[in-house]
Amino acid sequence: MKFTTILIATSTLLHGHGVDQFSSSQLEEPTPEVTSVPVTSEDEAPPLIRINSTVQSFNAGQPWQRNSSKNRRGTGILISPTQVLTVAELVADQTFLEFEAPDSSDRVRATVSIIDYKSNLAILEPANTDDLGFLGELSPIELGEPAAIGDDAIVWQLEYNGTPLKTKGLIRGVDTVSTFLPGFSFLCYNIKGSMQSSSSSFSLPVTRGGKLLGLLTAYDSDDQLSTVIAPEIIATFLEDVGDGHYDGFPSLGVASEPTEDSSFRDYLKLGDEMGGVYLSRIKPGMGADKAGLQVGDVLTAIDGSPIDRRGYYEHPSYGILPWTVLIRGEKFAGDQVRLEYLRDGEVKEVTATLTVAEDPLVPRHIHDSAPPFLIKGGLVFQELSSAYLRAYGENWTTRAPLDLMHVLHNQKDYEEGRERVVFLSRIIPNPATVGYDSVNSQIITSANGQEIKDLKSLADALAKAPADGIHTIGLSDAPHTLYLDAQLANLVDQQLLQSGLPMLSRMSEDE
Amino acid sequence: MRLIPAFFFFASLIFCSAETTTANSTPPPAAATEANIFDSVLRIEVATQVPDYRTPWAPGGFSGGRGTGFLIGPNQILTNAHVVANARRVLVTMRNSSRKLPAQVKYVAHDCDLALLALDDPSPLEGLLQLPIGEMPALDSEVRAIGYPVGGDRLSVTRGIVSRIDFQAYSHSRVDSHLIIQVDAAINPGNSGGPAIQDDKVIGVAFQGLRQADNTGYIIPTPVIRRFLKDVEDGRYDQYVDLGLSHFSLFNPAMRKALGLPDDDKGVLVTSVLPTGACDGIIEVNDVLLSIDGKSIDSAGNIEVDGELINLNEVVERKFAGDKIALEYLRGDERKEAEVTLVTVPATRIYGVRYGERPRYVFYAGLVLQPLNLNVMSAHRIDNLNVRKLYADYLDEGIFQERPDLVTITRIEMDELTSELNEFKKTVINTINGTPVRDLQHAYDLLYAEDAPEFTVIECEGVSRPLVIPSAKAKQANERLMQINNIQSTHYLGK
């Protein structure tokens, strides 16, 4: 199955994840004749807004510069007098953003108000709230109720000339899909309906009964299936935003494995009729950990909904869905859940409080924040992120440096004494680095006798020249230590600045 | 750069040998020496049985090839290891003869690509010249390569000059580097094992070519040949010895200053010492190596021998296990001297291609366990990150001391007990029933223990749940799967 986003060819992130998810989605029959669905108030076009976004991400290997810019065009929808809802993917890493009237008669500078990369949702606002431009003439749409499988919905596009174009579709199934960041799957509708791909739009609003139902993130033209972020996710997002402080979607802090293997089931003393997922990791400090769950426990039910051996539960109207929907969907940080689990053959029950997961040691993504770096004597240091490793391109898992890949996959082995993993990402050859050309992609352990817990601590350690005038930088591998003439290093750095390097360091914005 | 062993496989042999017997012109008397030399160059045909590391219990693939060898002593025929690797039958044919003489591989050295053969009945060799082994040829001097390469059935002679003398990779094992002579004589498949001659003496054994360059042939020079012949004098071949340390060039002025070294371009920094290796317990990481056997080491790790700069590892090239090497080094401010005794570290062979060995394995309830090595890595195309990391760290981190074998689940045969175990495929076993696994024998003992617990629990590197097999059901699963897959034994643990 091939997914194509309607406009952005670069959105490879949408591929793959959705595929497995679709296979387990349930398809309802019989299929009613799509065109025969009576049209009611939906004849009236919703408040559609064109969004023009210039996206420019940073160069992973040379973090002081950005990659070449790309222009993206998408569609948003007005949800309050000043708020436009769209997908995060459209505006991540944006450097310029504007609203455009459907007929292109007016443009308004816009900013990102709230963005959630995991659920792929963003709220945009006019840059100057005193000047709403054409937005002032539109009436915001309300968020509607969840639909049922078999219901119809309308997908909205804008023709080049500004005419709204509507496509009726049928909700064929509900599943969880990661629509943007890999590894974060959220409730989505699968809507069947033939769409016009020539009419360039992206992040298409979907309505039902004159109210907003969801946002379309991907369309597969072979199967005529669209992936639409479900109203429950949008509602949770908007409610979280509404209290003035956006927390984000919560999680339980566990990793789980199915228990289909019958020998494994016997070993875990799971009865034939019992379901549940094996907890293979418990994240310290999060809900499950605080509630006393341990690796090896089998999670059998959440809030009274039994989990089956593959990790699914029965949703009252959508049918069979992954258990994560019980956590990452309609719940907020601070909410409590009742967990039922099996330990040593005994069923137990606890209450856990949900929290929002902190960034892992190796952050998954660095959107809208420039990657921190530090240059000293031509040595370039960065904080490891999976975005850096992914920048090795196709087959990055085998092409990226093995030791750094190992950090990504075994983060807890590197957590002690570290907030971030600082590594030497490259050496700009110069007189101070003679003989160091073979040293690359090594983790920095210390500098001038200081332990390195993040890039800031490295910058601090290298800030002043040591007594003997030589910086000492500890490495994870041969030659174990690099020595840098402090005076020469400063001279080299000044020369680098003169030769066009814009800056010698950039520290992370928050923290 | 891709080196190709100049070995000629039957698959590409399309020439007919019927005409060879018709040629019988007698060489003129002046060329008598030439004829003698030519007569001592022998054609070698090999039938091989190549072990299949994908299916370690199977006999492997039957194939064959052709190469060259030459007489160097009484019933001593020198050729390349890659000509006779995995051989199950070796036949030698003399010049102007059709008789195929059965031969045996007496010694084979895969780390320097040399082998010594002997005829079952040496009488046909009587009267043949035993080619004398010469010295290193001079750069730009002329050499002849003699052998039985592709392009015809009879003896071939090509001529060229010595283009380069270098320390380079030997492609047969993929991990070894030794002295090499590059010539511009054509060395083609089938030439392998043939002599390179200068002044009626052997100056090397032709052994590999370069695929993307013309007229680039490589020859194993006589110091390497002599070392091999000396090694086998005691009746067996030991492998090359190694200093067992890695070093880092000391070019950087700040680094030199910090280490208290003068600006004299001398010395290299020791960055790792191989556990159980020659320098283990004597040299430490961060020592600065100053001289080896009295020869001063420069900051790039080179020493001067006969006016040429060569890598310091060359010093141990001619040495044997038990030989001693004098080292001078700096620890902190202190100048120290030590004598180290060279040893072989068999664990280093995990990174080299293995030949002529029956693959070791254990079969248990559908799981196929094999010790990790280069053959297993490439046969099963293992790219699992955690396995690659263990493999990379095996030697340097001294993992081999605790775990001589990295026991890997290479295959899982589908059955009732194994249908949900896909995530364990191509992972390394850490423990069985809580006991850390040392090697394949240990894994076998644990899995097939008389008093196995109700559930056999296997923990694998990088997999977040244990693999569980109900011990009582393993026997039945074995019977079923071994019959289907025609597996004769639950294990082969080596000799």
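The values are calculated or read from the model by the stated rules, or taken from the named source; none is laboratory data. If you're wondering where the values come from, they're calculated on a predicted model, not measured in any experiment. Cβ placement follows ideal geometry from the backbone for every residue including glycine, while neighbour counts extend to all protein chains displayed. Note: accessible area is taken over every heavy atom of the protein model, side chains too, but ligands, DNA and RNA are not part of it. Shrake-Rupley method; radii C 1.70, N 1.55, O 1.52, S 1.80 Å.
Angle check, please: helix A:231-242 long axis (alpha carbons) against the longest principal axis of chain A (alpha carbons), in degrees 0 to 90, nearest 10. With both axes taken from Cα atoms, the answer is about 60 degrees.
For chain B, the mean projected area of the C-alpha convex hull, equal to one quarter of the hull surface, is 27.9 nm². Counting only other chain Cβ atoms within 10 Å of each residue's Cβ, the peptide B:249-262 averages 6. Across the options B:ALA321, A:LEU268, B:GLY64, the greatest Cα extent toward the positive end of the charge dipole of the protein assembly as shown (unit charges at beta carbon of Lys, Arg, Asp, Glu) belongs to B:GLY64. Toward the positive end of the charge dipole of the stretch B:245-341, with +1 on the Cβ of Lys and Arg and -1 on the Cβ of Asp and Glu, the farthest Cα among B:ASN302, B:PRO275, B:LEU330 is that of B:PRO275. For the segment A:265-273, counting C-beta atoms of other chains within 10 Å of every residue's C-beta and taking the mean gives 2. For the stretch B:245-341, the number of Lys pairs with C-alpha atoms closer than 20 Å, counting only pairs eight or more positions apart or on separate chains, is 8.
Across the stretch B:469-475, computed HN-Hα scalar couplings (Karplus, 6.51 cos²θ - 1.76 cosθ + 1.60, θ = phi - 60°) run 10, x, 3, 5, 8, 4, 4 Hz from first to last residue, x flagging Gly and Pro. Computed over all pairs of different Cα atoms, the Kirkwood value for the hydrodynamic radius of the stretch B:3-234 is 17.7 Å.
Based on the alpha carbons, how large is the Rg to Rh ratio for the stretch B:245-341 when Rh follows Kirkwood?
0.95
Dividing the summed -39500 (n - 2.57) terms of all DSSP H runs of n ≥ 4 by the residue count of chain B sets its mean residue ellipticity at 222 nm at -4000 deg cm²/dmol. Note on A:281-292: average number of Cβ atoms from other chains within 10 Å of each residue's Cβ is 0. Directionally averaged projected area (the stretch B:360-492, Cα convex hull): 7.6 nm². Report the percentage of all Cα-Cα pairs in the protein assembly as shown whose separation exceeds 52 Å, rounded to a whole percent. Tail of P(r) above 52 Å: 38 percent of Cα pairs. Pairs spanning more than 19 Å between alpha-carbon atoms, out of A:LYS283/B:LYS425; A:LYS290/A:LYS348; B:LYS106/B:LYS230; B:LYS475/B:LYS495; A:LYS283/B:LYS426; B:LYS426/B:LYS473: A:LYS283/B:LYS425; B:LYS475/B:LYS495; A:LYS283/B:LYS426; B:LYS426/B:LYS473. Rolling a 1.4 Å probe over the protein chains gives A:GLU142 an accessible area of about 120 Å². Cross-link partners of A:LYS166 among lysines, defined as those whose alpha carbon lies under 25 angstrom from its own and excluding same-chain residues fewer than eight positions apart: A:LYS2, A:LYS192, A:LYS211.
Taking a ≥ b ≥ c as the square roots of the eigenvalues of the Cα gyration tensor of the stretch A:402-453, is the shape rounded (a/c under 1.5), prolate (a/b larger than b/c) or oblate? It comes out oblate by the Cα gyration axes.
Heavy-atom accessible area, probed at 1.4 angstrom with all protein chains present, ranks A:GLU44, B:GLU328, B:GLU459, B:GLU142 as A:GLU44, B:GLU142, B:GLU459, B:GLU328, highest first. Ranked by the mean number of other Cβ atoms within 10 Å of their residues, highest first, the peptides B:106-118, B:177-189 come out as B:106-118, B:177-189. The spread of Cα positions in chain A, taken along each principal axis and listed from longest to shortest, comes to 83, 68, 41 Å. In this label model, A:GLU142 and A:GLN494 are separated by 6.8 nm, measuring between points 7 Å along each Cα→Cβ vector.
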